[in-house]
Amino acid sequence: MANDEKTERKGLATLKETLVKIFGLSKPYRPRFYTATAMVLVGSAIWLSVPLGLRELLDAVFEQGDNHLLNLLALGLMGLFVIQAFFSFVGNYHLEWVGERVITDLRKNVYDHLHKLGFRFFADRRLGEITSRLTNDVGSIRTALTDSLPQLLTITFSMIGSVSLMVVLNWRLSAVIFVTVPFITIATRYFGQKIRKLSKGVQDELANSTAVAEDALGAIRLVKAFVREDYEVSRYSEAIEVLFKTARRKMVLTQFFWAGVGIMFMSTLVVIFWYGGREVLAERLTAGDLVAFIIYALNISRSITQTSRLYTAVNTAAGASERIFELLDEAPEIEDDPNAIALKEVKGSIEFRDLSFGYEPDRLILKNISFKVEAGQTIALVGPSGAGKTTLLNLIPRFYEPVSGSIQVEGHDIQNLQVKSLREHISIVPQEVHLFGTSIKENIRYGKLDATDAEIEAAAKDANALEFIHQLPDKFDAMIGEKGVKLSGGQRQRMSIARAILSNPEILLLDEATSSLDSESEAQVQEALDRLMKNRTTFVIAHRLSTVQHADRILVMDKGEIVEDGTHFELLEKNGLYSHLYNLQFRDLDQV
């Protein structure tokens, strides 16, 4: 019992904290929010006067028999309805405006925050789950802010007003209502906590099903190649069924809660009608008073039922909102130091000083890496798979932080540089090229957003991409499909090179840029790369050792360490790992 009470208090504290955060999102628009809420409250106050008007109307007819007063009261009530509708319309419109504006801002903030998070965050999460938080979860906050919270305020105001007027009309009848309220309050707290927990579960399962769908649709070519359509449909169906079962448990609990509250208040209304009728017969209450009292009682019944539903909605929104705030609370792994300086004049000198790194601190992938690169040199990184070559490259633009040691660019520790200014001087051409589902022109322009059409065409020419682009019906305006699916591997790689050429970096990182290409495409891409590498500090990871023979230095890596360092001919003379890899590769070629 004590544990249940402790859990309940913790749940209520979490709910309160979440609601405060949700309400805090409206801070820039508080004047409009408060004005809109005030107008809705005025509308509620006008509505509270309607039963009193009806009371006067009935008494005028049944007791006074005054036709003139009847006409005036009827007109007055009609006027009240019009005024009440005006205030409600204007107030609710502006509340909706605030909600949509807040959600727009929140989506921008969440998306902006996602771009500030490091690679480690995305490596630990599925893209579909992140997308679900950005779309489904953010939408639930709008429900809490524009629907639930303002309605709770107006309903509370309406209930307090109704109760006060009921006490004035007949305190004995009012006592019947007060007996019911504590039971409903207890039920609301009990069920609300469970509904919030189930709501969070529904959002989690929704995110999981979205992730399953995105995984399959993002790899649709692989799915169709292996004829796995039925398997993927089955996987998604299973995820959706789990979502349905969780949602069904929530629905059962919610409907049971609402039904119970309804039964309690309908029973209370029957008692009020019975006891009030006896009061009218005893002439301690007029017929108009009884009608007004019953309308107020109905208002309280409606308000508490709505409160129960809104409390459920708020718990649902809170469950989803917690996931959003967890995301916003995620601290970026890579952040500028308060005293970080901008990297301006760059020639391309880089030095690794006793650097060690691991994705997990107790499992190092790179160990005590030290070497220096002069501006304009080409450095090749070779070695068996898993040696740490790509990881080393990823540390130069500061995608990850080293466990120990440092990387110096132009004599500055990159941890003391503004991340944006560092990366502006670096360009990457990876093995797996990512292209956007837009036009060729827009994909190349990504390297320099303000590039002119002439600059884009020049970059395409230098990347040996101009010929195939001009063969397309729409040329530079041709749409290339999701991830460039309409282009060949070599064409995509040349697009990536054109993008890098346009960015005009001082430091270039090539991660096996030609390893997956056929001989003809490799020759065209290699020619474009040679043009791109000229007068730049370049790091090249190459599987085919024939492509790095002319590098200024070749660093041979094995198990996270540099085991050999020299030119192609120097390393062959050492008869070490490089020589072994080289002879193995060319022996395999001779056997083809």
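The values are calculated or read from the model by the stated rules, or taken from the named source; none is laboratory data. A quick note: this is a predicted structure, and the numbers were derived from the prediction, not measured. Here Cβ is always computed from backbone atoms with ideal geometry, including for glycine, and neighbour counts include all displayed protein chains.
Screening Thr452 against (1) touching a strand residue (DSSP E or B) at 6+ places or on another chain (Cβ under 8 Å); (2) more than 30 Å from Arg363 (Cβ to Cβ); (3) of a type in the set (Ser, Thr, Tyr) leaves a single unmet condition, (1). For region 243-265, the criterion of a residue being under 17 Å from Ile295 (Cα atoms) and either outside any helix (DSSP H, G or I) or not aliphatic (A, V, I, L, M) (or both) is satisfied by at least one position. Would you check if Asn92 is more than 30 Å from Val50 (Cα to Cα) and polar (S, T, N, Q)? In short, no.
Between Leu106, Leu41, the distinction of being modelled with pLDDT of 70 or more, under 30 Å from Val168 (Cα atoms) and in contact with a helix residue (DSSP H, G or I) (Cβ under 8 Å, 6 or more places away or on another chain) belongs to Leu41 only.
Within region 395-423, take every residue that is of a type outside the set (Val, Ile, Thr) and under 26 Å from the mean Cα position of the chain (by Cα) and give me the one that is surrounded by the fewest Cβ atoms within 10 Å (Cβ to Cβ).
So in region 395-423, the residues of a type outside the set (Val, Ile, Thr) come out as 395, 397-402, 404-406, 408, 410-413, 415-418, 420-423.
Filter once more, so that each one left must be under 26 Å from the mean Cα position of the chain (by Cα): 397-401, 418, 420, 423.
On the way: Pro397: 19, Arg398: 20, Phe399: 17, Tyr400: 18, Glu401: 14, Gln418: 15, Lys420: 11, Arg423: 19.
By that ranking, first place goes to Lys420.
Taken as a whole, region 439-452 holds no residue that is on the phi > 0 side of the Ramachandran plot and of a type outside the set (S, T, N, Q). If you go through region 99-138 and keep only what is closer than 20 Å to Ala213 by Cα and of a type in the set (Gly, Ala, Ser), you end up with Ala123, Gly128, Ser132.
Is there a residue being of a type in the set (A, V, I, L, M), in contact (Cβ under 8 Å) with a residue 24 or more places away in the chain and under 26 Å from Lys344 (Cβ atoms) anywhere in region 474-493? Quick ask: steps written out before the conclusion?
Filtering region 474-493 down to residues of a type in the set (A, V, I, L, M) leaves 478-480, 485, 487.
Those left that are additionally in contact (Cβ under 8 Å) with a residue 24 or more places away in the chain: 478-480, 485, 487.
Retained after the next criterion (residues that are under 26 Å from Lys344 (Cβ atoms)): none.
Within region 474-493 (the criterion being of a type in the set (A, V, I, L, M), in contact (Cβ under 8 Å) with a residue 24 or more places away in the chain and under 26 Å from Lys344 (Cβ atoms)), the answer is no, since none of the residues qualifies.
Regarding Glu205, is this residue among the acidic types (Asp, Glu), under 28 Å from the mean Cα position of the chain (by Cα), modelled with pLDDT of 75 or more and surrounded by 15 or more Cβ atoms within 10 Å (Cβ to Cβ)? Considered against the rule, which asks whether it is among the acidic types (Asp, Glu), under 28 Å from the mean Cα position of the chain (by Cα), modelled with pLDDT of 75 or more and surrounded by 15 or more Cβ atoms within 10 Å (Cβ to Cβ), Glu205 comes out as yes. The set of residues from region 274-320 being at pLDDT below 70 and among the aromatic types (Phe, Trp, Tyr) comprises just one member, Tyr311. For Glu432, the criteria (1) outside any strand (DSSP E or B); (2) at pLDDT 85 or above hold in every case but one, which is (2).
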